[in-house]
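The values are calculated or read from the model by the stated rules, or taken from the named source; none is laboratory data. Worth saying up front: this structure is predicted, and the values here are computed from it rather than measured. Here the Cβ is made from the backbone with ideal geometry for all residues, glycine too, and neighbour counts use every protein chain on show. These area figures cover heavy atoms from the full protein model, side chains too; ligands, DNA and RNA do not enter into them. Shrake-Rupley method; radii C 1.70, N 1.55, O 1.52, S 1.80 Å.
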Amino acid sequence: MASLSYEEAAHLLRRAGFGGTPDEIEALSSRGREGAVDFLINYAQIDNRAMEDLLAASFDFTDPKDVNNGEIRRWWFTRMFNTKRQFEEKMTLFWHNHFATSSSKVQDFFMFNQNNLLRANVVGKFDDLLLRVSQDAAMLIWLDNITNVLGSANENFGRELQELFTMGINDVVTGDPNYTEQDVKEVARCFTGWSYQRRPPFPFQLNANQHDNGSKTIFANTPWQTSGNLDGDDVISVIAGRPATARYLTWKLFNFFVYPVTGTSADKATIDKFSKIYLNNNHSIKELVRAIFTSDEFFSERALFSLVKQPVEIVVGAVRMLGGTYNPGTPGNRGGGVSVPPTSSRNMGQDLFGPPDVAGWDFNLGWVNTASMLERFNYTNAFVTNRNANGLGAIVTVNQLRVYTRSSTKKTVKQFFSALGPLSPGSATRKKLQAYLETGDNGQSVGFTNDDATIDKKVRGLVHQIMCLPEFQLN
């Protein structure tokens, strides 16, 4: 079994989750590479009752009318802040971006249901996930399949199914076209009549009199040509088994979890290599991500800190790395900054349940502009200075900060660099931060003491400054 260093374990937990405290990273490191990955992806074994109890006490979604955008965003952030199963939430975020639907068009209750559907199927067989998403009310509404009927086919879903959810316009390895305009038309016919019942729990419904039962041919003159009285299930089965789908999913997983993939022959070979894991393991997402997370590519120098942190990673990671807490309050008590995390994430460019379009968010440099960077700095300031006595919102206490505070400024700065990364800024940055701890409000030099007053003021300021460094923006 391959060993797993502290730095590698921190990298794994930031990517497969949102980061953790030094104790959590040490525990993960002790499992070795394969053991750590198995622990994260086989999350059903991890007791998550504390989070479930918090959710039950904090949210009431029994009546669909009480499900609104603000509540479901707070609900999902509560999960990400408090879950013991970090990969479950991170993979749900991946699929939320992949099957990008938005409350700008879809009712919040349907968005909430879809989020739970994604979570329940994050590492199963891709065919099953794809079918369930395709039959879910959120997607049926989002891409207009509820208007896709016999004699008047709506091609929106049929097109995006192929272009964005499975194969891509062209094979990401060979460059060959994956489908034609005729395929879009034929696939759309296969999904005619797919709708949902207009009463809770709003299950899938096939309106038989609106379904096209005529003969159809998809992917004509290719090895995947299929003809007959096809329906959506048939299409999904064919597409999920195509090598182009395996490569496209691998490509998206690499870009999300590993590093930005280029069009070089070496990168194409890498994508092709991992795509075979999917094809050889009955289209298992779990086996594909296991292979990726245990690979040398994932732990390569190229992968380390090669991605710009998503806003959600900034918001959640800042809290989890320091061992902070998030309390969402109750439906009648949402004060005390409980809405700061979802609002800040939205202002940084990542509004949960509201991707900009069907293609999802634009990652890495797409997160970087003057306004969004300022929002990052504002959020970390709001977090580290939140001293709400009622315990609501995202909070880090003096006692939690004391864990990393040492008797000298040099050691204190070093400890926080380790806890928040580990980060490796230059010596000039270290010295400036040490000087900050040794300087009073009047600009005069002062002795550093690690008492409560110093931690509550100067150390909080130190943490904010570290979180504003360029190095902290990278994952």
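Can you pull the Kirkwood radius for region 217-281, inverse mean 1/r over Cα pairs, to one decimal in Å?
Values: mean 1/r = 0.0759 Å⁻¹.
In region 217-281 this quantity evaluates to 13.2 Å.
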Check your understanding: In Å and whole numbers, how far do the C-alpha atoms of region 335-475 stretch along each principal axis, longest first?
Key -> 55, 38, 27
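Using the 2.2 N^0.38 Å rule of thumb for compact globular proteins, work out how region 107-191 stacks up: its C-alpha Rg over that value, please.
Normalised by 2.2 N^0.38 Å, the Cα Rg of region 107-191 equals 1.17.
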Check your understanding: In square nanometres, what is one fourth of the surface area of the convex hull spanned by the alpha carbons of region 241-318?
Key -> 5.7
Review point. Among 286-298, 440-452, what's the highest-first ranking by average C-beta atoms within 10 angstrom per residue?
Key: 286-298, 440-452
Study note, to complete from the structure: Among the Cα-Cα pairs of region 1-128, the proportion with separation greater than 23 Å, in percent, is 39
Check your understanding: Which one, (1) 68, 54, 44; (2) 80, 54, 45; (3) 83, 53, 42, gives Cα extents along the principal axes in Å as derived from the coordinates shown?
Key -> (3)
Practice item. Any chance you could check the Cα centroid distance between region 386-448 and region 107-179 for me, in angstrom? Key: 47
**Study point:** With eigenvalues of the C-alpha gyration tensor scaled by 5 and rooted, region 179-259, Å
**Key:** 27, 21, 9
Review point. Here are some pairs, K90/K286; K414/K458; K410/K458; which of them have Cα atoms lying more than 21 Å apart in this structure?
Key: none
Check your understanding: Quick one: helix 49-58 against the long Cα principal axis of the chain, what's the angle to the nearest 10°, folded into 0 to 90?
Key -> 90
Exercise for review: Roll a 1.4 Å probe over the protein chains and send me the accessible area per residue for region 185-332 in Å².
Suggested key: 39
Practice item. Using only Cα atoms, tell me the angle between helix 108-120 and the longest principal axis of the chain; keep it within 0 to 90° and round to the nearest 10. Key: 90
Check your understanding: Working out 0.36 nm times the residue gap between K84 and K432, then minus their Cα-Cα distance, what length gain in nm do you get to one decimal?
Key -> 121.7 nm
